[in-house]
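> Provided herewith is a single structure, encoded as structure tokens, for subsequent inquiry.
The values are calculated or read from the model by the stated rules, or taken from the named source; none is laboratory data. Note that the structure is a prediction, hence the values are computed from the model and not measured. Cβ coordinates were reconstructed from backbone atoms using ideal geometry, including for glycine residues, and neighbour counts include every protein chain displayed. Surface areas here come from the heavy atoms of the whole protein model, side chains and all, with no ligands, DNA or RNA. Shrake-Rupley method; radii C 1.70, N 1.55, O 1.52, S 1.80 Å.
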Amino acid sequence: MTTSSLRSSLSVAVALGATALAASAAPLAFDFKDPKGVNNVQFSLDAPLESITGTGTGISGTVTFDPAAPAKTSGKIVLEAATLTVGNPMMTDHLRGNNWLDVAQHPAITFEAVSLANVRNQGPQILADVKGKLTVKGVTKDVTVPVSFTHLPDKLGARVGDPKVKGDLLVMRASFAINRSDYGIQPGKNTDKVAETIQLTLSIAGAAKKG
Amino acid sequence: MSTTSKLPRLLRGAALVVGLAASGGWLATGAHLGWTQTSVVQLQRDEITGIDFPVRRAAFVAGVEVLAAGLLLAGGLGATALFLDRRRPAGA
């Protein structure tokens, strides 16, 4: 092997190595459309006369996450408002109706991440305060939500029950509260039965396929 | 024994049954302080992600309106029995 061909082979090897390194460190786009129906938001309102708890499962969206640089995380999560359900069918109809969430006019509740602050590790989790824009019933407000991220490399195959499927999972959890009057949801009305503060707990997993 | 003398007793019995059924049913389904629920949520855990997710299943949980309606009906039946008792001529 001549010196020039050796030099050329080395160049190719270095280039390939750099490409592989860049690929492994590249941000991953996680799709939160969950065919298993596991992704969910739980909400609760604790008023003096009545406590209301419910769930929502129609979650989708995309989050770009780089395990090597979690502070650069961005993305948008969408909740289909018509999937919000409580145990009483009439109350569910009221909740979705035009007096309350008006899901016919405002079918999506969205959260769009703008920036992350206070990013830190806690065991396998990455914790951060995610600043973003929350839109409910057509009203958008700036909110800061404490979120935990858990990156599960190469777990997609196990989750879908097919080891041939390669990819990572990203689990996000968040608990926070909003005031319904901030979003024009019957402000100041029925506060004895429908609490002003809505506690929200989000537990979602997204998948990023590889190859 | 005449029909008029049987009726108050029947109404008292019905009031007792209705009152006990409403109270017992409400207590047996969890003494729920809100409105009646026709489904309940059970949390299950996804093994891979560790996410607890709600699974909704049909179930009847009596609310306070069921208790109130039952007790109101029992009270009405009892009051009617009392009214009929008082209208009954002495010695009838």
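> What's the total number of residues in region B:43-55 that are facing chain A (nearest Cβ under 7 Å) and in a strand (DSSP E or B)?
Of the residues in that region, 3 qualify.
> Of these, A:ASP168, A:ASP182, which one is more than 21 Å from B:LEU43 (Cα to Cα) and part of a strand (DSSP E or B)?
Of A:ASP168, A:ASP182, the one residue that is more than 21 Å from B:LEU43 (Cα to Cα) and part of a strand (DSSP E or B) is A:ASP168.
> Given the residues A:LEU152, A:LEU156, A:LEU169, A:LEU202, which is the only one that is of a type outside the set (S, T, N, Q), in contact with a Gly (Cβ under 6 Å, 6 or more places away or on another chain) and within 14 Å of chain B (Cβ to nearest Cβ)?
Answer to the check: A:LEU156.
> Still on this model: Please find, among A:GLY188, A:GLY167, A:GLY161, the residue that is small (Gly, Ala, Ser), modelled with pLDDT of 95 or more and at positive phi.
A:GLY167
Residues are listed down the side, and each one gets a yes or a no for (1) under 15 Å from the mean Cα position of the chain (by Cα); (2) of a type outside the set (S, T, N, Q); (3) at pLDDT below 95:
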| site | (1), (2), (3) |
| --- | --- |
| A:SER4 | no, no, yes |
| A:SER11 | no, no, yes |
| A:ALA22 | no, yes, yes |
| A:LEU28 | yes, yes, no |
| A:PHE32 | yes, yes, no |
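> Considering only residues that are assigned to a helix (DSSP H, G or I) and among the hydroxyl-bearing types (Ser, Thr, Tyr), look in region A:74-100 and name the one that is farthest from the other protein chains (Cβ to nearest Cβ).
A:THR83
> Let me ask something additional. How many residues does region A:24-40 hold that are more than 14 Å from chain B (Cβ to nearest Cβ) and crowded, with 19+ Cβ neighbours inside 10 Å?
Residues in region A:24-40 being more than 14 Å from chain B (Cβ to nearest Cβ) and crowded, with 19+ Cβ neighbours inside 10 Å: 1 in total.
> With respect to the numbered conditions (1) out of contact with any Leu (no Cβ under 8 Å at 6 or more places or on another chain); (2) within 30 Å of A:ARG159 (Cα to Cα), which one is the sole condition not fulfilled by B:ALA21?
(2)
> Could you grab me the full set of residues in region A:105-135 that are under 19 Å from A:VAL41 (Cα atoms) and basic (Lys, Arg)?
Result: A:LYS131, A:LYS133.
> Hey, could you check region A:41-69 for residues that are away from chain B (no Cβ under 14 Å) and either crowded, with 19+ Cβ neighbours inside 10 Å or hydrophobic (A, V, I, L, M, F, W, C) (or both) and say which is nearest to A:HIS151 (Cα to Cα)?
Top of the filtered list is A:PHE65.
> Do we find a residue being over 20 Å from the mean Cα position of the chain (by Cα), surrounded by 18 or more Cβ atoms within 10 Å (Cβ to Cβ) and either among the polar types (S, T, N, Q) or not in a loop (DSSP other than H, G, I, E, B) (or both) anywhere in region A:112-123?
No, region A:112-123 contains no residue that is over 20 Å from the mean Cα position of the chain (by Cα), surrounded by 18 or more Cβ atoms within 10 Å (Cβ to Cβ) and either among the polar types (S, T, N, Q) or not in a loop (DSSP other than H, G, I, E, B) (or both).
> Can you name the number of the only condition in (1) open to solvent by 60 Å² or more (accessible area, probe 1.4 Å); (2) free of Cβ contacts under 8 Å to residues at least 40 places away in the same chain that A:LYS166 fails?
Here A:LYS166 meets the rest and fails (2).
> Turning to a different aspect of this structure: State whether the residues of region A:127-138 include one that is surrounded by 15 or more Cβ atoms within 10 Å (Cβ to Cβ) and polar (S, T, N, Q).
Taking every residue of region A:127-138 in turn, at least one turns out to be surrounded by 15 or more Cβ atoms within 10 Å (Cβ to Cβ) and polar (S, T, N, Q).
> Restricting to region B:3-42, count the residues that are open to solvent by 60 Å² or more (accessible area, probe 1.4 Å) and either farther than 30 Å from A:VAL41 by Cα or more than 9 Å from every other protein chain (Cβ to nearest Cβ) (or both).
Of the residues in region B:3-42, 14 are open to solvent by 60 Å² or more (accessible area, probe 1.4 Å) and either farther than 30 Å from A:VAL41 by Cα or more than 9 Å from every other protein chain (Cβ to nearest Cβ) (or both).
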